[in-house]
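Peer 1: One structure, pasted below without further comment.
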């Protein structure tokens with residue numbers, strides 16, 4: 001629904017807003033779960049996720065990707081400084097997969113009281129239904145919205161009579177297209193192949209476990225419901241009803257319990273009622289691993305690629321996924337979370353299939369052709385776009401260069417101790433940088 005032949009749209013196509021959410025576990029000096037209270041009470045940008053020791057950074061809504069990453073880095077440094085001053089000292093676990101887990105009680109549910117007691121009740125429910133172990137995974141969520149000026153330009157060129165209707169159609173098509181293509185984000189950001197054996201066998205500390213996954217939290221071992229959700233993308237009301245039916249039928253108790261890698265989010269409170277009252281605000285991608293190789297936990301180049309992917313997905317024809325297609329796209333996401341991508345496929349709606357590696361190169365090639373054909377050769381944006389696409393394409397051409405492969409080579413002998421070492425080194429380096 002964005003036609004880059006339109007000069008105004010072409011000029012504005014990269015204008016948008018981004019917000020990042022990053023989860024990290026607090027651990028002691030020996031890599032065990034910290035059992036102290038959340039050290040940032042009242043800080044709206046540094047909160048808790050499931051457990052009391054799972055810090056979550058929520059950046060503000062930023063006008064540039066650089067600003068969002070810089071803000072996340074700044075909050076990370078603030079946390080590191082505070083943890084370094086604690087007695088005993090604490091650290092941020094650098095990996096999406098948790099450290100040694102002694103037992104379920106080792107993962108303390110976040111403490112909420114008084115007017116926030118509902119948050120505690122929700123987490124207690126999740127602990128019973130899914131188990132605390134699964135809740136110990138951490139990752140990054142990327143929230144993106146197109147600028148108002150871009151949306152208005154697209155609306156003006158669309159011929160539709162109602163702006164809200166145009167905007168809802170745009171985001172629904174984007175969500176449906178990303179349901180098919182979003183698996184590529186899993187591939188390029190996967191960084192969690194290895195785990196401590198205690199995740200699968202209580203008390204099995206220090207035994208590195210590898211199940212052939214490149215990203216455990218995005219694989220079938222991670223965040224998925226016990227059913228495959230089917231969405232109706234034909235209208236916003238239909239999309240909301242397709243989620244509500246799972247609540248009504250008892251498949252889930254809360255809409256937020258729908259663990260799907262691509263979600264639309266409303267203005268205001270994050271509930272289904274807000275969609276009807278206020279409409280769509282942005283799209284959320286939930287399948288990004290923590291990257292222990294970066295200060296912020298996310299490489300800016302990967303975030304730029306995600307933005308390029310979203311823009312491209314907003315311009316191509318609607319996928320119009322059938323129920324059978326939607327079942328398959330979930331399997332595509334799980335296949336993309338594998339370590340050896342030569343052995344698993346991406347299946348297309350027409351029944352054709354290719355290996356994940358070959359499909360990734362094909363998609364990036366389509367993106368490259370799209371940007372080259374729609375931007376002037378002298379456009380200053382072209383060179384950076386080509387560099388970003390080349391950076392990501394290399395992970396498909398040379399899988400050994402993927403983050404998960406690099407970390408697997410480093411962690412294969414001792415995942416737990418290597419991450420303890422990284423946690424200490426990262427904090428020391430970051431504190432030294434601050435001083």
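Peer 1: Residue by residue through the stretch 326-360, note down the ones that are out of contact with any strand residue (DSSP E or B) (no Cβ under 7 Å at 6 or more places or on another chain), surrounded by fewer than 17 Cβ atoms within 10 Å (Cβ to Cβ) and either free of Cβ contacts under 8 Å to residues at least 24 places away in the same chain or assigned to a helix (DSSP H, G or I) (or both).
Peer 2: Passing the criteria: 327, 331, 343, 348, 350, 351, 352, 358.
Here is a yes/no grid of residues against (1) modelled with pLDDT under 95; (2) touching a helix residue (DSSP H, G or I) at 6+ places or on another chain (Cβ under 9 Å); (3) in a loop (DSSP other than H, G, I, E, B):
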| position | (1), (2), (3) |
| --- | --- |
| 376 | yes, yes, yes |
| 381 | yes, yes, no |
| 385 | no, yes, no |
| 391 | no, yes, no |
| 394 | no, yes, no |
| 400 | no, yes, no |
| 406 | no, yes, no |
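Peer 1: Something else: May I ask you to list the residues in the stretch 201-225 that are in contact with a helix residue (DSSP H, G or I) (Cβ under 9 Å, 6 or more places away or on another chain), without any contact (Cβ under 8 Å) to a residue 24 or more places away in the chain and farther than 14 Å from residue 99 by Cβ?
Peer 2: 221
Peer 1: Which condition does residue 230 not pass, out of (1) under 22 Å from residue 58 (Cα atoms); (2) over 19 Å from the mean Cα position of the chain (by Cα), if it passes all the others?
Peer 2: Failed condition: (1).
Peer 1: Can you tell me how many residues in the stretch 210-235 are surrounded by 20 or more Cβ atoms within 10 Å (Cβ to Cβ) and modelled with pLDDT of 95 or more?
Peer 2: So the answer is 9.
Peer 1: Of all residues in the stretch 408-425, count the ones that are part of a helix (DSSP H, G or I) and touching a residue at least 60 places away in the same chain (Cβ under 8 Å).
Peer 2: Number of matching residues: 10.
Peer 1: Going through the stretch 131-162 one residue at a time, which ones are over 19 Å from the mean Cα position of the chain (by Cα) and within 19 Å of residue 311 (Cα to Cα)?
Peer 2: Within the stretch 131-162, 147, 148, 149, 150, 151, 152, 153, 154, 155, 156, 157, 158 meet the criteria.
Peer 1: Consider residue 206 carefully, then state whether it is under 30 Å from residue 325 (Cα atoms), assigned to a loop (DSSP other than H, G, I, E, B) and modelled with pLDDT under 95.
Peer 2: Spelling it out, it is not the case that residue 206 is under 30 Å from residue 325 (Cα atoms), assigned to a loop (DSSP other than H, G, I, E, B) and modelled with pLDDT under 95.
Peer 1: Let me ask something additional. Has the stretch 33-47 got any residue that is crowded, with 18+ Cβ neighbours inside 10 Å, without any contact (Cβ under 8 Å) to a residue 60 or more places away in the chain and touching a helix residue (DSSP H, G or I) at 6+ places or on another chain (Cβ under 8 Å)?
Peer 2: Checking the stretch 33-47: at least one residue is crowded, with 18+ Cβ neighbours inside 10 Å, without any contact (Cβ under 8 Å) to a residue 60 or more places away in the chain and touching a helix residue (DSSP H, G or I) at 6+ places or on another chain (Cβ under 8 Å).
Peer 1: Restricting to the stretch 361-414, name every residue that is touching a strand residue (DSSP E or B) at 6+ places or on another chain (Cβ under 8 Å) and surrounded by fewer than 19 Cβ atoms within 10 Å (Cβ to Cβ).
Peer 2: Hits for the stretch 361-414 are 362, 412, 413, 414.
The values are calculated or read from the model by the stated rules, or taken from the named source; none is laboratory data. What you are looking at is a predicted structure, and each value in this text was computed from that prediction instead of being measured. Ideal geometry is used to build each Cβ from the backbone, glycine not excepted, and the neighbour counts take in all protein chains shown.
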